[in-house]
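Take a look at the structure below.
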Amino acid sequence: MKDWMSRIVDQYGQEYVLRQLAEESAELCQAALKVVRVMHGETPVTLVEAQDRMLEEIADVEIMIDMLKSAALNDRGVERVREIAVRKQARMIERMLENE
Ligand SMILES: [Mg+2]
C-alpha cells in the first residue's frame, strides 16, 4: 500500500499540494511577523501565543514540503533540493559569519 502522502497527492493532485503549500507558507510569514510585532510591543498578543502560532505554522509548512518532496517530486528533485540547500547554507555562513 502506498504511503499516505502519495495517496493524498494521487487523490487531490499536485495543484492541491502547491496551493496548500502556498497558503501555509503565507500563514507562516504572518506568524513570524507577529512574533516580531510582539518583540516590539506592537500587539497585545503574548510572546507565548505568538510563538505557539508560529510553531503550528512551521509544522503545517513542513508537512506540505514533505508531501511535495516525497510524493509530488521525484527522487532527482529531492536530491536537487538537498544539493541546493547545502550550497546555500555554505554561502550564508560565508556571507554572515566570515568576519567573526
Ligand atoms: Mg496553517
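Here, each number is a calculation from the coordinates, and none is a lab measurement. Being a predicted model, the structure only gives us computed values, none of them experimental. For neighbour counting, all protein chains shown are included, and Cβ atoms are generated from backbone atoms with ideal geometry for every residue, glycine included.
At a glance:
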| quantity | calculated |
| --- | --- |
| Order of Leu18, Leu47, Leu68 under a 10 Å beta carbon neighbour criterion, fewest first | Leu47, Leu18, Leu68 |
| Cα gyration tensor shape of region 1-46, rounded if a/c is under 1.5, else prolate or oblate by comparing a/b with b/c | prolate |
| Cα pair distances in the chain, grouped into 5 Å bins until the bin that holds the longest one, percent each | 2, 12, 14, 14, 16, 16, 13, 8, 3, 1, 0 |
| Potential extension, Glu23-Lys69 segment - 0.36 nm per residue separation minus Cα distance | 14.9 nm |
| Rough spin-label spacing in nm, given labels placed 7 Å along Cα→Cβ, for His40 and Glu83 | 4.0 |
| Charge sum, other residues only, whose C-beta stays under 12 Å from Val86's C-beta, Lys/Arg counted +1 and Asp/Glu -1 | +3 |
| Reachable lysines, given that their alpha-carbon falls under 19 Å from the alpha-carbon of Lys69 and they are not under 8 places away in the same chain | Lys2, Lys88 |
| Sequence-separation-based contact order of region 4-74, relative, with Cα cut under 8 Å and 6+ spacing, percent | 49 |
